[in-house]
There are 2 protein chains.
Amino acid sequence: MKPKITLKNIAKEFDVSISTVSKSLKNSHEISIDLKQKIQEYAKKHHYKPNSLAVRLQNQQTKTIGVVLPNIVHHFFSTVIQGIEEVTNQRGYNVMICLSNESYEKEVLNIEMFTSGSVDGLIVSISKETQKKNDYSHFNDLIEDDFPIVMFDRVNDKFECDKVIIDDVSGSINATNHLIEIGCKKIALITTPKHITVGTLRRRGYVKAIQNHGQEVDIDLIVEVDERENIKEQIEDLFDNETPDGIFAVNEVYAVSAMNVARERGFKIPEDISIIGFTDGPLSRLALPPLTTVVQHGYSMGKKTAELLINRIESKEEFKPQKVVLSTNLKIRKSTKSL
Amino acid sequence: MKPKITLKNIAKEFDVSISTVSKSLKNSHEISIDLKQKIQEYAKKHHYKPNSLAVRLQNQQTKTIGVVLPNIVHHFFSTVIQGIEEVTNQRGYNVMICLSNESYEKEVLNIEMFTSGSVDGLIVSISKETQKKNDYSHFNDLIEDDFPIVMFDRVNDKFECDKVIIDDVSGSINATNHLIEIGCKKIALITTPKHITVGTLRRRGYVKAIQNHGQEVDIDLIVEVDERENIKEQIEDLFDNETPDGIFAVNEVYAVSAMNVARERGFKIPEDISIIGFTDGPLSRLALPPLTTVVQHGYSMGKKTAELLINRIESKEEFKPQKVVLSTNLKIRKSTKSL
DNA sequence: TTTTTTTACTCAAACGTTTTCGTAAAAAAA
DNA sequence: TTTTTTTACGAAAACGTTTGAGTAAAAAAA
């Protein structure tokens, strides 16, 4: 690579001081028009770009916010990012994303690198491994130092920081209620193992809804999917032993998988079995029939998260962490019977 | 936020010089064990972290590479990132991702910010808008300055830089050939408008395959999907006028949409119509029947891309740009008739 | 003519590191 | 005892910027 051109280089070229060059490029009135022009031309010709590290070190702010995500395969996270970008760009910040890949170690590393001066604030959604290990020590220092940080979706209540979550419980109650209302008698739940927070919350909603209707929760109708194994087979096990007429699945993949299993076993959807998923992504929209689903509004979530963070970064006042709960709504499509 | 703790602070605390502190924290033999210990303890207690901006400015390298992507909703890009991360982490680099959201302006901005000292090298896949505008001036300076940059998937041949692409033409020929071999007589193509490079290349493969078999390309069997409008309706138009017995779609969404339209019109898949998509993502895998598809090996692509970049960054020798073409393979599932 | 103002610069500190070189004092060797 | 070596630290430059203060020289005002 060609050596980088710096103010010093240019200064030497014109036999002036570095500050003269700096001011020329900023079009300062302190410098004669003549010299300014020559310097600007030269700089342009040689592709001068101020070294952002130096600038940021000088200014003591980076105008950048870091985002640490478990993964970006999920459509939901993608939409959240859209929302984050919307707000940050509008307010003059850049966004940098790092992925933890659901790994504890990478999450720690990413946070380390971001918080050592590279960004003004941090947005985090916690990785599965971290949730499983239940080890959050890498956040402690940040919280103690009052580093601006906002958690979203996968949060931990231990921390005194801003949080944005969706109302998983209510969303799940609504979904389950809907299944009950349209006449489902045997409603299965397809969820995650217990250490995944959102899975647990959605399960809670399911249980509540069932109990509110005076029914008992039937353990045999609950599938806890272990993602390390074949998802479809685990759902087939359910159908081997039971014949549900309604399914509530805590994410898109589980919902579509369940729909496929049901259809393969000759169930007509929605005549024989109604299915509701969680998260409105392409899988749900392109399923046949399109899936009724709990819509999470990732975009709003991203916007809210970014707003909280930037407010926090820019405010001088005493900090009072808040928890924003976003409600969901049920998008009714063709995978559920109508009333 | 609490004031950041620096070497200077610590130095004042112990009434020693900054260099003593720096050396202590690096466990230098030049400092007495006693003092080192005290300083290290103090640093730990106060969460000292070296300011990475300062360190990187000093070292003149960031050990970070920037990735500019059009979007991350596509499963394909996600897998590419996995590959990139694999290699970069292994070789001691960090990855930062910025999204252009298919916007020309954001692409320019992202590249600006990355190349002004924040990263040692750049990986780029060009946005749709840039492709449409056909304006690549923001790359010119970089190429002239020999800034390490690798383009993947959506590349532009104008530039003298490393590139990694997949063999879209061959992949499409194979897919179309397969349809011909299993006996399809009227094979439709569902593709993008012409300014999207990959769409054009895949179309070329389709055309070649048809012609190689001595057939004429029937324009009425080609759908150019305009994504600003309803995708499904555009495919329905095809079925209104024609009754294809084979479909080659240039991406997952088009393939699944086509499958849904076909099924809604009473086609049995694959008995009445065979469908092949491009890119092996969750949509293809979870479709019913699962889609036969051209597998792109995003993971390998990411790995290769990162390798090229890091080699480039670390090599002192004369630079000779290369273009790596990755071949695809056809994953045959249930959406196509067997022979 | 002398004083004041303006113009067009330069100086130097600062941001937070790293690292080479220099040097007292203490310890070891002669 | 004197000389050499080792120990333990400090000074200062460097990375590339920004910016307020300082200053000659030129221009304008008195």
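Under 5 Å between amide hydrogens, built in the peptide plane, is the criterion, and for A:Asp162 it picks out A:Ile149, A:Met151, A:Gln322 among residues at least 5 positions away or on other chains.
Each residue of the range B:106-123 was assigned a 3J(HN,Hα) from its phi angle through the Karplus expression (A = 6.51, B = -1.76, C = 1.60, θ = phi - 60°), giving 5, 4, 4, 4, 4, 5, 3, 5, 5, 7, 8, x, 7, 9, 8, x, 9, 10 Hz with x at Gly and Pro.
Over the range A:174-242, the fraction of Cα-Cα pairs per 10 Å bin, rounded to whole percents and listed from the shortest bin up, is 19, 50, 29, 2. Stokes-Einstein diffusion for the range A:284-329 at 20 °C, viscosity 1.002 mPa s, with a Kirkwood radius from C-alpha pairs, works out to 163 µm²/s. Structure note, pairs A:Lys186/A:Lys337; A:Lys158/A:Lys194; A:Lys128/B:Lys2; A:Lys268/A:Lys334; A:Lys132/B:Lys44; B:Lys8/B:Lys38: Cα-Cα distances above 20 angstrom occur for A:Lys128/B:Lys2; A:Lys132/B:Lys44.
Over all pairs of different C-alpha atoms, the protein assembly as shown has a mean inverse distance whose reciprocal, the Kirkwood radius, equals 27.7 Å. The share of C-alpha pairs in the range A:102-150 whose separation exceeds 12 Å stands at 62 percent. Here the Karplus relation 6.51 cos²θ - 1.76 cosθ + 1.60, evaluated at θ = phi - 60°, turns the backbone of the range B:332-339 into coupling constants of 8, 10, 9, 8, 10, 4, 8, 4 Hz, with x for every Gly and Pro.
The reciprocal of the average 1/r between distinct C-alpha atoms defines the Kirkwood hydrodynamic radius, which for the range B:7-50 equals 10.0 Å.
With label points set 7 Å from Cα along Cα→Cβ, the inter-copy distances at B:Ser338 are 4.2 nm, sorted shortest first.
If you run the Gaussian network model on chain A, springs between alpha carbon atoms under 10 Å, then out of A:Val155, A:Val198, A:Val325 the most flexible one is A:Val325. Take A:Lys320, move 7 Å from Cα toward the beta carbon, and the resulting point lies 6.8 nm from the same point in each other copy, nearest first. With the label put 7 angstrom out from Cα along the Cα-to-Cβ vector, A:Asn230 ends up 3.9 nm from the copy partners, going from closest to farthest.
Residues with beta-carbon under 9 Å from that of A:Glu242, excluding A:Glu242: net charge, scoring Lys, Arg +1 and Asp, Glu -1? Around A:Glu242, the surrounding residues sum to -2.
Counted by Cβ distance under 10 Å from A:His195, the other residues give a net charge of +3, where Lys and Arg count +1 and Asp and Glu count -1. Rounded to whole numbers, the Karplus 3J(HN,Hα) couplings from phi for the range B:162-177 are 4, 9, 10, 10, 9, 7, 4, 5, 4, x, 6, 4, 4, 4, 5, 3 Hz, using 6.51 cos²θ - 1.76 cosθ + 1.60 with θ = phi - 60°, and x at Gly and Pro.
For chain B, relative contact order (Cα pairs under 8 Å, six or more residues apart, normalised by length) works out to 18 percent. The aspartates and glutamates within cross-link reach of A:Lys320, meaning a Cα-to-Cα straight distance under 19 Å and a gap of 8 or more places when in the same chain, are A:Asp120, A:Asp141, A:Glu144, A:Asp145, A:Asp146, A:Asp157, A:Glu160, A:Asp162, A:Glu307. All C-alpha to C-alpha distances of chain A, sorted into 20 Å bins beginning at zero, yield P(r) values of 27, 42, 21, 9, 1 percent in whole numbers. Projected onto its three principal axes, the C-alpha set of the range A:1-138 covers 64, 28, 26 Å, listed from the longest axis down. Relative contact order of the range A:7-50: 31 percent, from C-alpha pairs under 8 Å at least 6 residues apart in sequence. Within 10 Å of the Cβ of each residue in B:108-117, the mean number of Cβ atoms contributed by other protein chains is 4.
Every Cα-Cα pair in the range B:107-187 was counted, and those over 21 Å apart are 42% of them.
All other residues with a Cβ under 14 Å from the Cβ of A:Asn156 taken together, and with Lys, Arg as +1 and Asp, Glu as -1, what is their net charge? That sum, taken over residues with Cβ under 14 Å, equals 0. Across the range B:205-339, the volume of the C-alpha convex hull divided among the residues equals 155 Å³ per residue.
Every read-out reported here was derived from the displayed coordinates using simple, explicitly stated rules and does not represent laboratory data. Computed from a predicted structure; not experimentally measured. Note that we place each Cβ from the backbone using ideal geometry, even for glycine, and neighbour counts take in every protein chain shown.
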